[in-house]
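Asker: Encoded as structure tokens, here's the structure I'll be asking about.
The values are calculated or read from the model by the stated rules, or taken from the named source; none is laboratory data. Every value quoted in this text rests on a predicted model; they were computed, and no experiment measured them. Every residue, glycine among them, receives a Cβ derived from its backbone with ideal geometry; neighbour counts consider all protein chains shown.
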């Protein structure tokens, strides 16, 4: 009563509650942070004043492991970087070591790697779409995308023998050839999925609630994105059509007919639109790649690196010695250093390897796209609402496995 | 409904699929007809501009252009590369512990050009007791890379706005990517 009187007497007194800021932890166990990301938010009411990401909850020292395992032994660790698209990370690592060793894999192997990368891209974008929608309260989307992901995981199991930890590539080749059943199943799935993509668009693209939640939220300008080194769909949504598959082609991507979508808005909605369009383009690449699949060898002709055929290992002394040398001793690349990057679903994944001539890298550095993309949170979250922070994290599509490494 | 429609565009110039190729394409790092014993043009331009502060690394390994840069000039050189040479994209920064080499640490910077799509690698030697100047003033994106390099490799950065550990806990002892860090506890 006394307080009320004071307000009446003095007119507009400063509201003691409004100016108070307080800090809350968002994460590490928060469903909207997609893993173990912890954000220290300074709030004023429901408005975010500053956002400080804390990383490292999933740090496993992968780079140190890379210095102490042979080049072959490191392949399973690449599955665990971006665990939503392990096939693409396998391909990236194999390409890096092949560049170090100066090996060129045969045509069939390259086409299969393209198929693997694009299947991984669609699978990763599907998970992003489902979880992004669930973060925004649209639970239905999750079931649709996970139904398709289940088909994709069955396909990946047919291809590699594992659903998640694929470890599919080897230096100079692949663990196993692509079976006709896989090709048949993929061919049957593609037209079905093209129809599904139209349905996804119908559910969300013009949905009033979805547009209100995502439009003009978390705007990243082109200059900001470049200065931060952002890559992948996040960069393309800010207005720069940079796709490493076009800019620095690898695996003969320049021979495939596909387009690089980009938007100039740089908001959450733009990032949604870009990824939706990217799935369509991946589907186009898959269709061409499947047609391009011709019978042929999947291993490079390089006896010091490529293990001999198993039948010969069991019958011939030389082949047995070779097999043991490659598996136990590993391969010795020449002294030198390389940087090889590929376009992952999340952006530019690069491997920087220094070789001192031994069978393990002297230094193996992983330039992971999510780590770099997450930096933008410090800048763009200020001034947004708490519920928009959820939308922004989801739209950046981070994977903590490769952020923390 | 007042929906501002998104201006989604696609890059023009889609290449048609070639029907018959004369033979297998060479590997990307073999594609450019570049003599590995020659200084790459982008490094040569840098040497012309900055003289002794830039040392080209020869022979060029797998067509990756590399230059060794003096620590004192690195910020100036990076700003020049960003503004004049078009290397505007800070791809990566990492550190290497080289206890047997000339310097204690090497800081390796990878730059990319969003315009002409070339890469450039810069290497900076850091001796004992020396500090690497921060590049956060040139590219904001170097912030976390430098924190990670400090955290895991132990390279000190001079002038960094927030030089704290990033992946490891604040009270962690040592820098795990140094060569003498024990593998087993």
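Asker: If I go through segment A:21-77 residue by residue, how many of them are closer than 20 Å to residue A:350 by Cβ and away from chain B (no Cβ under 14 Å)?
Answerer: 5
Asker: Could we say that residue A:256 is within 28 Å of residue A:172 (Cα to Cα), facing another protein chain (nearest Cβ under 10 Å) and in contact (Cβ under 8 Å) with a residue 60 or more places away in the chain here?
Answerer: Details: within 28 Å of residue A:172 (Cα to Cα): yes; facing another protein chain (nearest Cβ under 10 Å): yes; in contact (Cβ under 8 Å) with a residue 60 or more places away in the chain: yes.
Yes, satisfied.
Results for (1) more than 11 Å from every other protein chain (Cβ to nearest Cβ); (2) touching a strand residue (DSSP E or B) at 6+ places or on another chain (Cβ under 7 Å); (3) surrounded by fewer than 20 Cβ atoms within 10 Å (Cβ to Cβ); (4) closer than 18 Å to residue B:81 by Cβ, shown as yes or no for each residue.
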residue	(1), (2), (3), (4)
B:100	no, no, yes, no
B:110	no, yes, no, yes
B:123	no, yes, yes, yes
B:134	yes, yes, yes, yes
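Asker: Does residue B:165 fit the bill of being surrounded by fewer than 20 Cβ atoms within 10 Å (Cβ to Cβ), on the phi < 0 side of the Ramachandran plot and free of Cβ contacts under 8 Å to residues at least 60 places away in the same chain? Even if it seems obvious, please write down each step before you answer.
Answerer: Working: surrounded by fewer than 20 Cβ atoms within 10 Å (Cβ to Cβ): yes; on the phi < 0 side of the Ramachandran plot: yes; free of Cβ contacts under 8 Å to residues at least 60 places away in the same chain: yes.
Yes; evaluated as a whole, the condition is true for this residue.
Asker: Is at least one residue of segment A:381-388 in contact (Cβ under 8 Å) with a residue 60 or more places away in the chain and part of a strand (DSSP E or B)?
Answerer: Checked segment A:381-388: at least one residue is in contact (Cβ under 8 Å) with a residue 60 or more places away in the chain and part of a strand (DSSP E or B).
Every residue, every condition in (1) at the interface with chain B (Cβ under 10 Å from one of its Cβ atoms); (2) at pLDDT 85 or above; (3) within 28 Å of residue A:393 (Cβ to Cβ); (4) not in a loop (DSSP other than H, G, I, E, B), yes or no:
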| position | (1), (2), (3), (4) |
| --- | --- |
| A:274 | yes, yes, yes, yes |
| A:290 | no, yes, no, yes |
| A:297 | no, yes, no, no |
| A:303 | no, no, no, no |
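Asker: Applying the selection to segment B:58-97, what residues are crowded, with 17+ Cβ neighbours inside 10 Å and free of Cβ contacts under 8 Å to residues at least 24 places away in the same chain?
Answerer: Listed by number, the list holds a single entry, B:73.
Asker: I'm told residue A:235 meets every condition in (1) within 12 Å of chain B (Cβ to nearest Cβ); (2) in a loop (DSSP other than H, G, I, E, B); (3) out of contact with any strand residue (DSSP E or B) (no Cβ under 7 Å at 6 or more places or on another chain) except one. Can you identify the failing condition by its number?
Answerer: Here residue A:235 clears every test but (2).
Asker: Using the structure shown, decide if residue A:84 is in contact (Cβ under 8 Å) with a residue 40 or more places away in the chain, part of a helix (DSSP H, G or I), away from chain B (no Cβ under 14 Å) and on the phi < 0 side of the Ramachandran plot. Steps first, please.
Answerer: Details: in contact (Cβ under 8 Å) with a residue 40 or more places away in the chain: yes; part of a helix (DSSP H, G or I): no; away from chain B (no Cβ under 14 Å): yes; on the phi < 0 side of the Ramachandran plot: yes.
So residue A:84 fails the test.
Asker: Something else now. Testing residue A:203 on (1) within 23 Å of residue A:118 (Cβ to Cβ); (2) assigned to a helix (DSSP H, G or I); (3) modelled with pLDDT under 90, one condition comes back false. Which one is that?
Answerer: Single failed check for residue A:203: (1).
Asker: Let me ask something else about it. Check residue A:223 against each of (1) more than 9 Å from chain B (Cβ to nearest Cβ); (2) assigned to a helix (DSSP H, G or I); (3) in contact with a helix residue (DSSP H, G or I) (Cβ under 6 Å, 6 or more places away or on another chain) and name the one condition it does not meet.
Answerer: It is condition (3) that residue A:223 fails.
Asker: Among the residues that make up segment A:159-177, is at least one of them part of a helix (DSSP H, G or I) and either touching a residue at least 40 places away in the same chain (Cβ under 8 Å) or closer than 26 Å to residue B:29 by Cβ (or both)?
Answerer: Pass one, segment A:159-177, residues part of a helix (DSSP H, G or I): A:159-160.
This time we only want the ones that are either touching a residue at least 40 places away in the same chain (Cβ under 8 Å) or closer than 26 Å to residue B:29 by Cβ (or both), so: A:159-160.
Yes.
Asker: Still on this structure, I have one more. Condition check: part of a loop (DSSP other than H, G, I, E, B), free of Cβ contacts under 8 Å to residues at least 60 places away in the same chain, more than 13 Å from residue A:266 (Cβ to Cβ) and touching a strand residue (DSSP E or B) at 6+ places or on another chain (Cβ under 7 Å). Does residue A:249 satisfy that? If you could, list the steps in order and put the result at the bottom.
Answerer: Values: part of a loop (DSSP other than H, G, I, E, B): yes; free of Cβ contacts under 8 Å to residues at least 60 places away in the same chain: yes; more than 13 Å from residue A:266 (Cβ to Cβ): yes; touching a strand residue (DSSP E or B) at 6+ places or on another chain (Cβ under 7 Å): no.
When the stated conditions are applied, residue A:249 does not pass them.
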